[in-house]
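Presented below is the structure to which this report refers.
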Amino acid sequence: MDKLSEMGARLESFFQRATFLALVILSIIAGGLTGLVLAYQASFTSYAAEVEALADYRPSEITKVYADDGKTVIGELALERRIPLSYEEIPDLMKKAILAIEDARFDEHVGIDPIRLIGAAIENFRRNRRAQGGSTLTQQLARLLFLKPEKTYSRKLREIMYALQIERYYTKEQILTLYCNQIFLGGGAYGVEAAARYYFSKSVKELKLEEYALLAALPKAPQQYSPVLHPEAARARRNLVLQAMADEGFITQAEAEAAKARPIKLNIDDARNKNDRSPYAYFVEEVRQELQRILVERPASNAMDAMDLYRAGLSVYTTLDARAQEEATKAVRKMLRAYTQRHGWRGKFYNVIEKEGADVETYHHPSWTFSLTKPGEILTGLIKEVKETAALVSFGNYFALVTAKETAEARRGPAQLFKRGDLAQFVVEAVDEAKKRLTVQLELVPEVQGALVLLDAKTGEIKAMVGGYDFATTKFNHATQANRQTGSAFKPFIYAAAIEQGLRPDDLVVDAPFRRGNWEPHNYDDSYMGVMTLRKALALSRNIPAVRVLDEIGVSRAADLVKRLGLPNPMAPFLPSALGATEEPLLSMVSAYSVFPNGGVRVEPRMIRRIVDRDGQVIEEIRPKQQRVMHEYVAAQMVSLMRGVVEFGTATRANALGRELAGKTGTVNNFTDAWFIGYTPSVVCGAWIGFSEKRSLGKGEAGSSAVLPFWVEFMQSYLKDKPKESFGAIPAPPPDLKRMQDARLKDLATEQELNSASEGDILPGIEGVPNLDPLSEMTRRPNSSGEKAAPPAAPPTPPVERLKPVPGPTPPSPMEKGKKGKKGKVEEKQPA
């Protein structure tokens, strides 16, 4: 009892001498107990429920679009550029750099750090404002995941509550991993992996010490410390991180000093801008639209929101041949540039002062994303000043002086070409980063547009698709969205319908004046060639024979075939449709042509093979949809007919490929559109050129001259490593078609017998009778001007209202004999 009394006296004496210290100790004890009670109570609040749900949290991920090899990434779809990593995948130096500058006592606290909080409170009181937050890394994560960025005391209290719960539910490794994947680091990049790829064009595991420090420097203020916008501030902040790492013992002082001395070297990879500039851009945009449709239309139990496309981390495997797409883009651009050179550039620049009332000094173009630019890039420049000999061009952070040397392609100097406020395209040739000065060349964007589609005839897979000159400047896809008159490219459908009605390739038709009501069609050269076979009429693209064929079989039969071929727009119900009056998109025309080499079976075009979720599960597989739309005999006869176009007709230039080919040129009235669609036994390729607003390309701009040479160049590249193929033999006609053919021969025999008895008239082409047509074997030679000379008009031939079949067995065609016809080329007449 004496000892207890003595101890009590001593405690009383101690507390009397150290009242303040006693109060502090009691306060800490009371505060701790209160904290425990509050934490226990908080476990039953909404804070705990929300934090517990983080166990199922999956951050947004980029959807990647792959080419047909399954490896080449041709596009990325995302609202936020994010590539999550596991804890093990985050390099140790990256973790240490973040902890050194953001929360060195991370492993010691329970979500809040009283020492930092007290220090921040004192500093805020001293400055009479909220200068410091004293937030731990856990608090920052809580703010990122659950709170708005406003700076208020109530938000700070909620932040602390969330941080305590996060520490209750998750390990330090899980918290650090979430933080490294969640933080915004500028340039649209969320997380350290996405930031490493944006700033350095490599994975985070490949970075150097000073690069880790730079990424760790950014979370505090990505804009203020941006190495792109503010390189000096970024370097100072980076060096601060390096020193903090040395102070914490994560690296040596020598390592820190060596890293501080190194300059910041960036290699920007801006996926947002790159998508638009990519040669795959038109195709990727079509894939994006198709993906949204597929995801929304899935069964209710598996349906996804359209916006899931940008955050679900899908892998989309497409049908695109990446190399073919790149070559197709080059071919279309070359075709459009060649046209511009032939006719001269007459375009106008978009002027932001006239169109938007913009202030040139403060104007900011959407494509100026603050990325570092590289030689070869095409940039949009704003003309800020125009002098007699030069123009000052702004590119956001960069500028260039453009003289007559840089505008030589336009054949005009800057003073004659530009005015203040114009937007123009320029190709970067050199970059002076220190002065932010570019050396550029004017890139004249052609007014004229073009498109190309390559389709696998057997599978319907789109292997290449180009919808215009440049997706960044024209998002409208002329391959899928533009309905254009097809001209003579439509004629094969008329002849196919005729074959279905019992006509044969070597039946005769008259190329002579034709009138129906007030309408009188003409041939391209305003001449007539008399009696000829259907084969020759199609090969030489004679207009009047095509009209006579349609008149013979009836418009409704041809319209029915067009519908079966999957063309989206019904054939116009009148005779000019034989000459391509109907408007169709290029992709649909190429798909319709694929029926011929595919034996009469149409396979719907497709661009996606399968869609895989982030866990590797296939959520959608797109299988070919096919349907027989014509008999294989009809399809094979059309291949035979259309081979004549290449061998001795309007597309003889295609013979340069040394392959078995078939196809058809097309030119529209007043030269508004020019086409060529050709095919091998396995692929179909179509190309088109024209103005978006449908005006004349100029006299002589036909399918055989404006499009075919570039089609040949592209196919030469595509087919160079492909084996040579042959079209199959023509099968026997089906019984019903054979009966129709026999009935026509019988009718002809009776008709000829009567005609012979009364007039003795025997038509040329009948077996044993020579063909007396003086123009049938004429080879057309270029005249002195280099243009094709038109043949003299044939003697007038009385109109024949019924096509004349050749009696007896159909003679083998030149293609079936393995012989080539004469290479006489006659351009086609455009439809009225």
Residues of the range 408-421 satisfying the condition of being within 33 Å of the chain's Cα centre (by Cα) and surrounded by fewer than 21 Cβ atoms within 10 Å (Cβ to Cβ): A408, E409, A410, R411, K419, R420
Can you give me the number of residues within the range 419-447 that are in contact (Cβ under 8 Å) with a residue 60 or more places away in the chain and in contact with a Ser or Thr (Cβ under 8 Å, 6 or more places away or on another chain)? 7
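In the range 234-272, how many are hydrophobic (A, V, I, L, M, F, W, C), assigned to a helix (DSSP H, G or I) and more than 30 Å from S367 (Cα to Cα)? Break it down stepwise before answering.
Kept after step one, since they are hydrophobic (A, V, I, L, M, F, W, C), are these residues of the range 234-272: 234, 236, 240-242, 244-246, 250-251, 254, 256, 258-259, 261, 264, 266, 268, 271.
Okay, now just the ones that are also assigned to a helix (DSSP H, G or I), so 234, 236, 240-242, 244-246, 254, 256, 258-259, 261, 271.
Adding the requirement that they be more than 30 Å from S367 (Cα to Cα) leaves 240-242, 244-246, 254, 256, 258-259, 261.
Here the count works out to 11.
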Kindly indicate the residue of the range 218-231 that is of a type in the set (A, V, I, L, M) and open to solvent by 10 Å² or more (accessible area, probe 1.4 Å) and also farthest from the chain's Cα centre (by Cα) among those meeting that condition. A221
Could you list, in sequence order, all residues of the range 362-394 that are assigned to a strand (DSSP E or B), touching a residue at least 12 places away in the same chain (Cβ under 8 Å) and open to solvent by less than 70 Å² (accessible area, probe 1.4 Å)? I378, L379, T380, G381, L382, I383, K384, V386, A390, A391, V393, S394
I'd like to check which helices (runs of 4 or more DSSP H) are fully inside the range 31-145 and have at least 2 residues that are modelled with pLDDT of 90 or more, farther than 30 Å from D276 by Cβ and charged (D, E, K, R). 92-102
Out of all the residues in the range 195-217, is one or more closer than 22 Å to E433 by Cα, in contact with a Leu (Cβ under 6 Å, 6 or more places away or on another chain) and open to solvent by 20 Å² or more (accessible area, probe 1.4 Å)? no
Single residue of the range 602-613 satisfying the filter (part of a strand (DSSP E or B) and buried (at least 18 other Cβ atoms within 10 Å of the Cβ)) that is farthest from the chain's Cα centre (by Cα): R602
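Can you confirm whether R653 is surrounded by 18 or more Cβ atoms within 10 Å (Cβ to Cβ), of a type outside the set (S, T, Y) and not in a strand (DSSP E or B)?
The answer is no for R653.
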For the subset of the range 440-461 comprising residues that are among the acidic types (D, E) and modelled with pLDDT under 95, which member is least open to solvent (accessible area, probe 1.4 Å)? E443
Does L587 qualify as being in a loop (DSSP other than H, G, I, E, B), more than 24 Å from V510 (Cα to Cα) and under 29 Å from the mean Cα position of the chain (by Cα)? no
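Yes/no matrix, rows are residues, columns are (1) modelled with pLDDT under 95; (2) within 19 Å of H478 (Cβ to Cβ):
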| site | (1), (2) |
| --- | --- |
| G649 | no, no |
| I677 | no, yes |
| N755 | yes, no |
| E759 | yes, no |
Checked P624, P573, P597 against criteria (without any contact (Cβ under 8 Å) to a residue 24 or more places away in the chain and part of a loop (DSSP other than H, G, I, E, B)); the one match is P573
Considering only the range 477-489, I want to know if a residue exists there that is open to solvent by 10 Å² or more (accessible area, probe 1.4 Å), at positive phi and of a type outside the set (F, W, Y). no
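Does L538 satisfy the criteria of being within 28 Å of L748 (Cβ to Cβ), in a helix (DSSP H, G or I) and open to solvent by less than 10 Å² (accessible area, probe 1.4 Å)?
Yes.
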Hits in the range 495-530 (condition: part of a strand (DSSP E or B) and open to solvent by less than 30 Å² (accessible area, probe 1.4 Å)): L508, V509, V510, D511, G530
Restricting attention to the range 672-679, does a residue exist that is open to solvent by 10 Å² or more (accessible area, probe 1.4 Å) and closer than 15 Å to T486 by Cα? yes
For the range 311-331, which residues satisfy the criterion of being open to solvent by 20 Å² or more (accessible area, probe 1.4 Å) and either at pLDDT below 85 or assigned to a loop (DSSP other than H, G, I, E, B) (or both)? R311, D321
Can you name the condition, by its number, that G616 falls short on among (1) open to solvent by 40 Å² or more (accessible area, probe 1.4 Å); (2) at pLDDT 95 or above; (3) not in a strand (DSSP E or B)? (2)
Can you pull out every residue in the range 288-310 that is crowded, with 17+ Cβ neighbours inside 10 Å and either modelled with pLDDT under 80 or farther than 24 Å from D69 by Cα (or both)? M304, D308
By residue number, the members of the range 551-566 that are touching a residue at least 60 places away in the same chain (Cβ under 8 Å) and either closer than 18 Å to E604 by Cα or open to solvent by 50 Å² or more (accessible area, probe 1.4 Å) (or both) are R557, D560, L561, V562, R564, L565, G566
Anything in the range 332-361 that is part of a loop (DSSP other than H, G, I, E, B) and open to solvent by 50 Å² or more (accessible area, probe 1.4 Å)? List them, or say none. R346, K348, G357, D359, E361
What's the number of the condition G467 fails, among (1) closer than 23 Å to R695 by Cα; (2) open to solvent by 10 Å² or more (accessible area, probe 1.4 Å); (3) under 34 Å from the mean Cα position of the chain (by Cα)? (2)
Using the structure shown, decide if N267 is more than 25 Å from R143 (Cβ to Cβ) and of a type outside the set (A, V, I, L, M). yes
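Does at least one position in the range 395-407 carry a residue that is under 30 Å from V684 (Cβ atoms), modelled with pLDDT under 95, in a loop (DSSP other than H, G, I, E, B) and open to solvent by less than 10 Å² (accessible area, probe 1.4 Å)?
Within the range 395-407, none of the residues are under 30 Å from V684 (Cβ atoms), modelled with pLDDT under 95, in a loop (DSSP other than H, G, I, E, B) and open to solvent by less than 10 Å² (accessible area, probe 1.4 Å).
The values are calculated or read from the model by the stated rules, or taken from the named source; none is laboratory data. Remember, predicted model here, so these are calculated numbers, not experimental data. In this analysis, Cβ positions are derived from the backbone assuming ideal geometry, glycine residues included, and neighbour counts consider all displayed protein chains. These accessible areas exclude ligands, DNA and RNA; they are computed on the full protein's heavy atoms, side chains included. Shrake-Rupley method; radii C 1.70, N 1.55, O 1.52, S 1.80 Å.
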